[in-house]
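The values are calculated or read from the model by the stated rules, or taken from the named source; none is laboratory data. Remember, predicted model here, so these are calculated numbers, not experimental data. As a convention, Cβ positions derive from the backbone with ideal geometry for all residues, glycine included, and neighbour counts pool all protein chains shown. We work out accessible area using only protein heavy atoms, side chains counted, and drop any ligands, DNA or RNA first. Shrake-Rupley method; radii C 1.70, N 1.55, O 1.52, S 1.80 Å.
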Amino acid sequence: MICLVSLLVATALTSQCFVETNALVNPKIEMDNNLLPDDVLPVHRTAQRNAYVKISTPPPESVNFIPGTALVLECEVQGHPLPIVGWLKNGVPLSDFEEEVNEILPMHPSGYGRMINRLVISDAENEDVYTCVGTAGLKEAVATTTVFVEANQPFLTSKMFSTKPIITGFYLDIFQNMGTSLTLPCRVYSPLKSQLYWIDNNDNIVYGNSRMRVLPSGDLHIKNLAWENMGGYTCTVKNAFGKDSMNAFLYPVKPSE
C-alpha cells in the first residue's frame, strides 16, 4: 500500500533502502531518494465525467473497545480514478490521508483500483462515531461505526505499546495507463520506531532504480509505467515486536486510441 531477498542482502542494505517510521513522532527521514522536485506533482482532485466510488467492505456498524488496547477499523474502497480514504471522529476530520505526510498522491484520470485504510484507535469515549470517507474525483462514499467502551475493564497499557506495526493505507490492485506516473502508498502505525522496505515485481529490493523511488512517507513512486512493471509490489514494515506486510498488484493498461 512484500521481499524474498536473503536476510544477508536485506541486512547489508538496511541503512540504504529501509525507511524508519514512528507513529508518535514525525521523524526526519534520511534515505536514498533521487527524485527531482517535479517528479511527484501535486494533482488536485477534479471533476471527472465517469468517476465513481464505492465502499466495497465497510467497517462494522458497531464494535466494542477495551481501554488500554488498540482497536483497528478497516475500510475497503474501490473507485475511478484511484480512490483515497480518510476518517472522521464524531463528524470532525482526523488526519487526512494526504496531509498526514504533507504529500498529495498524483491521481491520473485513467486509474482504477481498490484501497484499504485502517484506523488505529487507542482512546475512545462511549458511543464515539467513526466515519470512513472514500473519495474518487469529486465523488464520495461513507460508512460509519459506533464504538462502545467496555466498562470495568483493566487498563492494559503494556498491550498498547508492545505491538507489531500495522500497515494502515495501501492499494490492493491498480489499473492505470502506460506512460503515466503512479504512487503506491504504504502508510504505517507503529508505537515504536520501525523499518520499511519495498520489493518490486521481480522480487528485488527497490533501491537505485531510476524509475522507482521510496518516498519519505514510505510510499513507492513509479515513473513512466510500462508493461514490464506489471506484477506484485510488496511493502514490509517491522519493529522489535514483529512485522506487517501488504501486496499491491499493478496492471499497466494500453491507453485507448
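Values as computed for the structure displayed
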quantity	calculated
Sequence of Leu192, Leu182 when ordered by accessible area, the most exposed leading, probe 1.4 angstrom	Leu192, Leu182
Label-to-label distance, nm, for residues given as Met178 and Ser256 (7 Å Cα→Cβ offset)	1.8
Distance between modelled label sites at Ala124 and Val92, nm, 7 Å Cα→Cβ extension	1.7
Sequence of His108, His221, His80 when ordered by accessible area, the most exposed leading, probe 1.4 angstrom	His108, His80, His221
Label-point separation, Glu74 to Met230 (7 Å along Cα→Cβ), nm	2.8
Amide proton proximity set for Gly169, modelled H, under 5 Å, gap of 5+	Arg118, Arg187
Order of exposure, largest accessible area first, which applies to Asp219, Asp173 with probe 1.4 Å	Asp173, Asp219
Relative contact order [Cα under 8 Å, 6+ residues apart], the stretch 120-257, whole percent	25
Rounded to whole Hz, the Karplus (6.51, -1.76, 1.60) HN-Hα couplings of the stretch 124-139, x for glycine and proline	7, 9, 4, 6, 4, 10, 10, 10, 7, 10, x, 10, 9, x, 9, 8
3J(HN,Hα) from dihedral phi, the stretch 163-179, Karplus parametrisation 6.51/-1.76/1.60, rounded to Hz, x for glycine, proline	10, 6, x, 10, 7, 9, x, 6, 8, 8, 8, 9, 10, 7, 4, 4, x
Probe 1.4 Å - accessible area at Ser62, Å² to nearest ten	70
Rg ratio (alpha-carbon, reference 2.2 N^0.38 Å) - the stretch 187-256	1.22
Calculated from backbone phi, Karplus (6.51, -1.76, 1.60) coupling profile of the stretch 192-205 in Hz, x at Gly/Pro	10, 4, 9, 10, 10, 8, 10, 10, 7, 6, 10, 6, 10, 5
Förster-model FRET efficiency, 30 Å R0, Arg211 and Glu61, C-beta, rounded to 0.05	0.10
